[in-house]
Amino acid sequence: HAEVGPPTVQKGASQIFTLAVPTEDDNVTTSQIVLTVPAGFSIDSFEAAPGWKRSVQSKGSGEEAVVQKVTWTGGKTPTGEDSVFRFLGQPAKSGDYAFQVQQTYSNGKIVDWSGPESSDTPAPVVKAVSSIGGGGGSSTIGVIALIVAALALVLGLVALAGGKRSLT
């Protein structure tokens, strides 16, 4: 299946994404990949992909340009290998971003990776969340560790204050 990763990212944060499209048919190569970018997801720049030519279709110009579609042509990815492309992008809001990917084989066959998750040709999806990690929450282990530390401090202070015995 065509994949865009990482699968979960923080909304509004720039991230390097990787598009990987496998050549699954026998005795052919992947010769073209077209990526349609979902609304609300911005692509800032691309990493060069040796052996491939890239053309970008955008709306607007300059700093306001929004990448809508990217086409890579001229590659020859054989059976059992992936065509891999990397780009710097970011989702604007929390939610799921489904990318449409069209793969063309050297024999002219086209595979549209744009179906639902349960289909044979599911669209790659990136989930954007408001925060990644444990920001703000506390775990049970963390709470127990704080209680144990506080108890040890109290016991240490009691021992210091009450310890008037002679050591000799």
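The values are calculated or read from the model by the stated rules, or taken from the named source; none is laboratory data. Note that the coordinates shown come from a computational prediction; the quantities given were computed from them, not determined experimentally. Positions of Cβ are backbone-derived with ideal geometry, glycine not excepted, and every protein chain shown enters the neighbour counts. Ligands, DNA and RNA are stripped out before the accessible areas are found, and what is left, the full protein with its side chains, is counted by its heavy atoms. Shrake-Rupley method; radii C 1.70, N 1.55, O 1.52, S 1.80 Å.
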- request: Only residues in region 16-34 that are in contact (Cβ under 8 Å) with a residue 60 or more places away in the chain count as the first member; pair them with residues that are basic (Lys, Arg) and open to solvent by 50 Å² or more (accessible area, probe 1.4 Å), Cβ under 7 angstrom, at least 6 apart or cross-chain, and list the lot.
  value: Ile16/Arg86; Phe17/Arg86; Thr18/Arg86; Asp25/Lys109; Thr29/Lys76; Ser31/Lys76; Val34/Lys69
message: Could you list, ordered by first residue, the pairs with Cβ atoms under 9 Å in which the first is in region 43-63 and under 20 Å from Gln103 (Cα atoms) and the second is exposed (fewer than 12 other Cβ atoms within 10 Å of the Cβ), at least 6 apart or interchain?
response: Gly51/Gly74; Trp52/Gly74; Lys53/Gly74; Arg54/Ala48
Out of Phe87, Phe17, sole residue that is of a type in the set (Phe, Trp, Tyr), surrounded by 15 or more Cβ atoms within 10 Å (Cβ to Cβ) and over 18 Å from His1 (Cα atoms): Phe87
message: Test of understanding: among Ala20, Ala48, which residue is among the aliphatic types (A, V, I, L, M) and out of contact with any strand residue (DSSP E or B) (no Cβ under 7 Å at 6 or more places or on another chain)?
response: Ala48
message: Please count how many residues of region 62-83 are over 30 Å from Asn27 (Cβ atoms) and either open to solvent by 90 Å² or more (accessible area, probe 1.4 Å) or touching a Leu at 6+ places or on another chain (Cβ under 7 Å) (or both).
response: 2
Out of Ala123, Ala92, sole residue that is surrounded by 12 or more Cβ atoms within 10 Å (Cβ to Cβ) and modelled with pLDDT under 95: Ala92
Long-range neighbours under 6 Å by Cβ, at least six apart or interchain, first residue on the phi > 0 side of the Ramachandran plot within region 74-89, second among the aromatic types (Phe, Trp, Tyr): Gly74/Trp52
